[in-house]
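S.K.: Before anything else, here's the structure in question.
Coordinate-derived values only; no laboratory data. What you see is a predicted model, and the numbers here were worked out from it, not measured in a lab. Cβ: placed from backbone, ideal geometry, glycine included. Neighbour counts: every protein chain shown.
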Amino acid sequence: MSRLFGKVFRVVENPFEESAGIELIDTEWEGLVYQYGKVNFVEGKPEIEFERSVRRLPKGVEETEENIEELLNNTELHTLMGDILVELLEEQVKKDEQRDIKSTDQEA
């Protein structure tokens, strides 16, 4: 899998939100900022279900309910968001594993 961080998206902070957001930077949806909500792994399948909410629309897109719904129902965008989520989860697992190794080394 290609690494998307820094090429397709970046993590952005909002002082008014508890969770960080994801900004798409080099796609047809450039400028789109969204946040992940509830994430579920589908039992017995290699699938992830996830909620997401749009925080900022892509550059040049007027903020209307129809445009937000169109983005949330876009299959290609949904797939990209899923790929980004998988990459973020993989990175978190790597960090957790490194933390566990350091913790084990310190205990020895």
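S.K.: Classify segment 1-60: rounded, prolate or oblate, from the alpha-carbon gyration tensor (a ≥ b ≥ c, eigenvalue square roots; a/c under 1.5 rounded; otherwise prolate if a/b is larger than b/c)?
M.R.: oblate
S.K.: Using only the alpha-carbon atoms, how far is helix 75-107 inclined from the longest principal axis of the chain? Give it as 0 to 90 degrees, nearest 10.
M.R.: Approximately 20 degrees, to the nearest ten.
S.K.: Still on this model: Can you tell me the relative contact order of the chain? Whole percent, Cα pairs under 8 Å, sequence separation 6 or more.
M.R.: 17
S.K.: Using Cα positions and a limit of under 18 Å, work out the lysines in reach of residue 59, with same-chain residues fewer than 8 apart set aside.
M.R.: 7
S.K.: What spacing in nm lies between the two simple spin-label points modelled at residue 43 and residue 5, each 7 Å away from Cα in the Cβ direction?
M.R.: 3.2
S.K.: So what J values fall out for segment 33-46 if you push phi through Karplus, 6.51 cos²θ - 1.76 cosθ + 1.60 with θ = phi - 60°, rounded to Hz, Gly and Pro as x?
M.R.: These are the phi-based 3J(HN,Hα) values: 10, 9, 10, 7, x, 5, 10, 10, 8, 7, 5, x, 9, x Hz.
S.K.: Oh, and also: Which entry in (i) 31, 18, 6; (ii) 24, 19, 14; (iii) 30, 16, 13 is this structure's computed semi-axes √(5λ) of the Cα gyration tensor in Å?
M.R.: Working out semi-axes √(5λ) of the Cα gyration tensor in Å from the coordinates points to (iii).
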